[in-house]
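**Q** Sharing a structure, written as structure tokens. Questions coming.
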Amino acid sequence: MSKYKEKSIWRHILGQPLHFVHHLTDMLRLKIRFRNSVIRNPLEITFSNLNNIHISDNVIIDTNCILRIINNCHLFIGEGTYIGPYCHISGTRNNIIIGRKVGIGDRVFISTTHHQYDDITKPILTQGFVSKGDVVVSDECLIGIGSYILSGVNIGKHSVIGGNSVVTHDIPPYSVAVGNPARVIKRYNSKKKRWLGV
């Protein structure tokens with residue numbers, strides 16, 4: 001790179017608002033810390049506690065994803081996992097645990113919390129958040145495009161979640177689940193060694 005181009009890049013960076021510079025610094029820290037994985041730009045990590053993000057080797061986080069890991073929440077991403085573009089992974093309490101060799105399609109939303117709304121005398125936005133527990137996506141799962149995985153959900157090993165599904169409860173291992181709310185439509189039968197409808 002020429003000295004002229006290098007100076008131009010730094011002028012551009014230093015001419016940005018302070019939050020942009022902080023964001024760029026966080027991105028560099030994340031990429032250096034997890035250098036054996038691929039984290040594609042842009043990645044939104046505003047408000048995240050970077051010490052609570054744990055990424056194993058050979059992970060790919062594709063473009064335009066949002067990681068919002070706040071307070072005491074921890075995010076664990078297992079080896080060889082792929083997270084597609086425009087995914088949003090968010091938590092303020094409990095943990096999000098994504099296993100090894102998991103495939104997560106575009107525009108998937110995963111969260112450990114949702115808005116409290118019980119008190120009808122207060123606006124929902126002022127009532128804070130509630131969590132039902134950790135979110136666990138076990139090894140070798142496939143999560144279809146546009147799916148939502150809500151707090152307290154445990155998706156068992158080698159399960160498939162169909163596109164645009166909303167997962168509100170646990171899914172057993174070796175299952176196929178679809179719909180809103182997601183329900184199991186197939187399970188693997190180890191005796192017959194094939195997938196059978198439920």
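**Q** For helix 3-14, report the angle its Cα long axis makes with the longest principal axis of the Cα atoms of the chain; keep it between 0 and 90° and round to the nearest 10°.
**A** 70 degrees
**Q** Can you list the residues, at least 5 places off or on another chain, whose amide H is less than 5 Å from the amide H of F129, using H built in the peptide plane?
**A** Q116
**Q** Based on Cβ point charges of +1 for Lys and Arg and -1 for Asp and Glu, what charge dipole magnitude is obtained for the chain about its Cα centre, in debye rounded to the nearest 20?
**A** Dipole size: approximately 580 debye.
**Q** Quick one: which residues, 5+ away or cross-chain, put their amide H under 5 Å from the amide H of V167? H built at 1.01 Å from N.
**A** Y148, I149, L150, A182
**Q** Could I ask something else about it? Using the beta-carbon distance between R183 and T63 and R0 = 41 Å, what value does 1/(1 + (r/R0)^6) give for FRET efficiency, to the nearest 0.05? Please report the intermediate quantities before stating the final value.
**A** Values: r = 32 Å, r/R0 = 0.78.
Efficiency for this residue pair is about 0.80.
**Q** Take the Cβ-Cβ distance between H169 and V38 as r, set R0 to 45 Å, and report the resulting FRET efficiency rounded to the nearest 0.05.
**A** On the way: r = 33 Å, r/R0 = 0.73.
My answer for the efficiency is 0.85.
**Q** I've got another one for you. If a/c stays under 1.5 just call it rounded; otherwise compare a/b with b/c (prolate if a/b is bigger, oblate if not). Do that for the chain, with a ≥ b ≥ c from the square roots of the Cα gyration tensor eigenvalues.
**A** Values: a/c = 2.57, a/b = 1.49, b/c = 1.72.
Cα axes put the chain in the oblate bin.
**Q** Once label points are set 7 Å from the Cα along Cα→Cβ at both N52 and L125, what is their separation, rounded to one decimal in nm?
**A** Between N52 and L125, the label points sit 2.3 nm apart.
**Q** Mean separation of Cα pairs under 8 Å and 6+ residues apart, divided by the residue count of region 37-197: what relative contact order is that in percent?
**A** Numbers: 507 pairs, mean separation 21.7, N = 161.
This gives 13 percent for region 37-197.
**Q** Same structure again: To the nearest 500 deg cm²/dmol, what mean residue ellipticity at 222 nm is calculated for the chain from DSSP H runs of n ≥ 4 alone, each contributing -39,500 (n - 2.57), summed and divided by the residues?
**A** -4500 deg cm²/dmol
**Q** Right, something else. Give me the one-decimal nm value for the distance between modelled label points at K193 and H114, 7 Å along each residue's Cα-to-Cβ direction.
**A** Output for this residue pair reads 4.2 nm.
**Q** Separate question: I'd like the orientation of helix 18-33 relative to the chain: the angle between its Cα long axis and the longest Cα principal axis, in ° from 0 to 90, rounded to 10.
**A** 60 degrees
Quick note: the coordinates plus some simple rules give every number you see, no bench work behind them. Just so you know, these numbers come straight off a predicted model, no measurement behind them. A quick note on method: Cβ atoms are made from the backbone with ideal geometry, for glycine too, and the neighbour counts reach across all protein chains shown.
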